[in-house]
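This report concerns only the one structure given below.
The values are calculated or read from the model by the stated rules, or taken from the named source; none is laboratory data. Since the model is a prediction, treat every value here as computed from it, not as a measurement. Note that each Cβ is placed from the backbone with ideal geometry, even for glycine, and that neighbours are counted across all protein chains shown.
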Amino acid sequence: MKFFVDTADTDEIRDLAATGFVDGVTTNPSLIAKSGRKFLDVVREICDMVDGPVSAEVTATDHETMLSEGRKLAQLARNVAVKVPMTPDGLKTCRALADDGAMVNVTLCFSPGQAILAAKAGASFVSPFIGRLDDISRDGMQLIADIIAIYRQYDRFGTEVLVASIRHPMHVVEAAKLGAHIATMPPNVLRQLYKHPLTDAGLAAFLADWEKTGQSILDS
Ligand code: G3P
């Protein structure tokens, strides 16, 4: 499973990239607004920091303008994945950009039928939002299971399932159990994955016992 981070905070991305666990980055207009920075500057900076795909979202809603925006974003760096919304114009734009050879991430996917459309439109990635489904008492993880089951029926679907709107580590674990290709998560969720109270307690006990020996590995 690949790990993407879902943020436009370049300090966070730089910090997490150093862990070796960041395979890509996803952004959206809300995250760009939160950064308070110029969109294209942020995308360029992230693309320099991370080798893998960096999703940058169009903001137009009509096909022609979306396509112009998408082509501009795709030219910023070789690893830009243009993000388009799950709308008729978005999917038409997805097809045109995919035909150009660009990576496209179809976002705001909330049903298996929408995921089929994204694959047929040549998307490199489809982004089902599981947390937002859970928020309205629907089963986000069931959507991931359904999409994976459908995509497995068709060898020609080259679309990767990019699980989005992840809220906690168990979302990552459950998505991995289902075989999802990618989980994009906020920085705090990636950090939470390291944590277990027994790891902390066990390490503290080992270090306390080691201290009693008076030894040092480097001075031995
Ligand atoms: O970037 C898309 C998605 O991950 C957004 O998540 O938490 O705003 O539902 P959230």
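Within the range 118-128, restricting attention to residues that are surrounded by 19 or more Cβ atoms within 10 Å (Cβ to Cβ) and not hydroxyl-bearing (Ser, Thr, Tyr), the residue that is nearest to the ligand (Cβ to nearest atom) is Pro128.
Within the range 34-148, considering only strands (runs of 3 or more DSSP E) that don't extend past its boundaries, which have at least 3 residues that are touching a residue at least 40 places away in the same chain (Cβ under 8 Å)?
Values: elements: 54-57, 80-85, 103-109, 125-128.
Answer list for the range 34-148: 103-109.
Exactly one residue among Val50, Val54, Val25, Val43 is within 16 Å of the ligand (Cβ to nearest atom), of a type in the set (A, V, I, L, M, F, W, C) and in contact with a Pro (Cβ under 9 Å, 6 or more places away or on another chain), and that residue is Val25. Just one of the listed residues (Asp23, Asp15) is touching a Lys or Arg at 6+ places or on another chain (Cβ under 8 Å), over 17 Å from Leu73 (Cα atoms), modelled with pLDDT of 95 or more and not polar (S, T, N, Q), namely Asp23. Yes or no: Lys83 charged (D, E, K, R) and either more than 28 Å from Ile148 (Cα to Cα) or within 13 Å of the ligand (Cβ to nearest atom) (or both)? Considered against the rule, which asks whether it is charged (D, E, K, R) and either more than 28 Å from Ile148 (Cα to Cα) or within 13 Å of the ligand (Cβ to nearest atom) (or both), Lys83 comes out as yes.
Condition check for Asp135 on (1) within 14 Å of the ligand (Cβ to nearest atom); (2) buried (at least 20 other Cβ atoms within 10 Å of the Cβ): one failure, at (2).
Okay, residues lined up against (1) touching a helix residue (DSSP H, G or I) at 6+ places or on another chain (Cβ under 7 Å); (2) closer than 27 Å to Ile148 by Cα; (3) modelled with pLDDT under 95; (4) not β-branched (Val, Ile, Thr):
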position: Phe4; (1), (2), (3), (4): no, yes, no, yes
position: Leu31; (1), (2), (3), (4): no, no, no, yes
position: Phe39; (1), (2), (3), (4): yes, no, no, yes
position: Ile46; (1), (2), (3), (4): yes, no, no, no
position: Gly52; (1), (2), (3), (4): no, yes, no, yes
position: Thr65; (1), (2), (3), (4): no, no, no, no
position: Glu69; (1), (2), (3), (4): no, no, no, yes
position: Arg78; (1), (2), (3), (4): no, no, no, yes
